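Data block below; observations after.
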Amino acid sequence: MDEKKTGIPRVALPAGARPDTLAVREGLPASQWGENSEALFLTSSFVHPDAATAAARFANEEEAFIYSRFTNPTVMMLERRLAALEGMPACIATSSGMSAIALMVLGLLKAGDHIVCSQSVFGSTIKLLGGEFAKFGVETSFVSQTDVREWRSALKGNTRLLFAETPSNPLTEVCDIRALADIAHDAGALLAVDNCFCTPVLQLPARFGADLVIHSGTKYLDGQGRVIAGALCASEAIVEGQLVPLMRSCGMSLSPFNAWVVLKGLETLSIRMRAQSERAAQLAAWLEGQPQVERVYHPGLASHPQHALAMAQQSGCGGAVLSFVVKGGSPEAARAAAFHVVDSTRICSITANLGDTKTTVTHPASTSHGRLSEAQRQSAGITQGMIRLAVGLEDVEDLKADLALGLEGLAA
Ligand SMILES: Cc1ncc(COP(=O)(O)O)c(C=O)c1O
């Protein structure tokens, strides 16, 4: 299997080319027509010159693209580029971030296996691992995002996977990837990290020992809110040996069109991530100084409980997502105050998506975390006065003025 993929030629790049170069150049060589922008191979299948060649290709004796459920040049360009950026040997693109997680569990675990997962991961991940896979005999224990001892004490003899997402949404809690990798490996398990919030520009989980890196390409990798996409980076043995054959059977494949959009998104990922994170840091500092604001959550702030860890793990950068809590008294009053701020904005988009060049604003307690009980929300720290911002590329002074429209009407 490995030979099959490595046999497809690569772009000739100097050895040791750096991430910003890989982000715009890694992939496949141009076609015979010499296009400069990567070609979009919008085709479901590929033609073989004769029946014997078709037979050899289907038997994996000869490398070639066959059928876009599991092999497509545009998708492969994205996979190669993302793997290079994550510093990992291989990558498999999927139809969404959630299908990357589903593919991982289907491919690597079986009934009777156990997962330890942070309780602060994306809500659909909790539902998928804790609900859907439980139906098939894969049990998941949910533990504190930041308490390493809880992760260790949740281990069982049948634990095969640890799953973390850092920083978390919306509280931006940071977990220690190196410590979790050590715990996983001591137990003979793998560590998977959802790197959606930081992207490889800010955080390389493999460098800290993670075995699998998950992406929702829907977020910063596309970066302009256009497509749903996902990916999983890991070793050749995992990707080619275990996940590609499963993809061939299950078909959670990424469409070539969506792959092309994300591929082109990767070319500007580095400058977008840095510019958006810089704006988020400025906005977080400004919000901390506003009398109507009770608390701000952003890993770049010195007041953040895991500030030092975040700076070490995230290339000295807090990322582009922040949350803040407006003062409000009772939960009802706090919710009304938060709604007032959200509704007063004239620039920010009221939507739960993130990773867009357009700043998005959301009230987690009534949207992304609306299905939890008030008690569950309280214990998760998601209060009614909390607002999450995924900061985009607008001028930061305009964003401050936009938030001030609502804050100014609130009691300090
Ligand atoms: C951290 C994280 N992981 C995974 C996902 C799922 O990605 P997708 O919507 O592409 O399935 C999301 C979606 O919001 C997310 O925020």
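The values are calculated or read from the model by the stated rules, or taken from the named source; none is laboratory data. Here the structure is a predicted model, which is why all the values come from computation and not from measurement. Here the Cβ is made from the backbone with ideal geometry for all residues, glycine too, and neighbour counts use every protein chain on show. Note: areas computed on protein heavy atoms with side chains; ligands, DNA, RNA excluded. Shrake-Rupley method; radii C 1.70, N 1.55, O 1.52, S 1.80 Å.
Overview of values
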read-out: Test: residue in segment 178-200 that is within 23 Å of L78 (Cβ to Cβ), in contact with a strand residue (DSSP E or B) (Cβ under 7 Å, 6 or more places away or on another chain), acidic (D, E) and open to solvent by 10 Å² or more (accessible area, probe 1.4 Å); value: yes
read-out: Failed condition for N353, given (1) modelled with pLDDT of 95 or more; (2) within 16 Å of the ligand (Cβ to nearest atom); (3) open to solvent by 40 Å² or more (accessible area, probe 1.4 Å); value: (1)
read-out: Selected residue (only one of L103, L42, L109, L85 is surrounded by fewer than 18 Cβ atoms within 10 Å (Cβ to Cβ) and in contact (Cβ under 8 Å) with a residue 12 or more places away in the chain); value: L42
read-out: Selection within segment 160-216 - of a type in the set (A, V, I, L, M), away from the ligand (no atom under 15 Å from the Cβ) and in a loop (DSSP other than H, G, I, E, B); value: A187, A189, L204
read-out: Residue under evaluation V326, criteria (1) open to solvent by 60 Å² or more (accessible area, probe 1.4 Å); (2) touching a helix residue (DSSP H, G or I) at 6+ places or on another chain (Cβ under 9 Å), criterion not met; value: (1)
read-out: Output for segment 132-177, where each listed residue is of a type in the set (D, E, K, R) and surrounded by fewer than 19 Cβ atoms within 10 Å (Cβ to Cβ); value: E132, K135, E139, D147, R149, E150, R152, K156
read-out: Segment 283-312: number of residues that are open to solvent by 10 Å² or more (accessible area, probe 1.4 Å), more than 25 Å from R335 (Cα to Cα) and either assigned to a helix (DSSP H, G or I) or of a type in the set (K, R) (or both); value: 5
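Here's the yes/no breakdown for (1) within 13 Å of the ligand (Cβ to nearest atom); (2) in contact (Cβ under 8 Å) with a residue 60 or more places away in the chain; (3) part of a helix (DSSP H, G or I); (4) surrounded by fewer than 24 Cβ atoms within 10 Å (Cβ to Cβ):
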| site | (1), (2), (3), (4) |
| --- | --- |
| D222 | yes, yes, no, yes |
| I228 | yes, yes, no, yes |
| C233 | no, yes, no, no |
| G241 | no, yes, yes, yes |
| L246 | no, yes, yes, yes |
| M252 | yes, yes, no, yes |
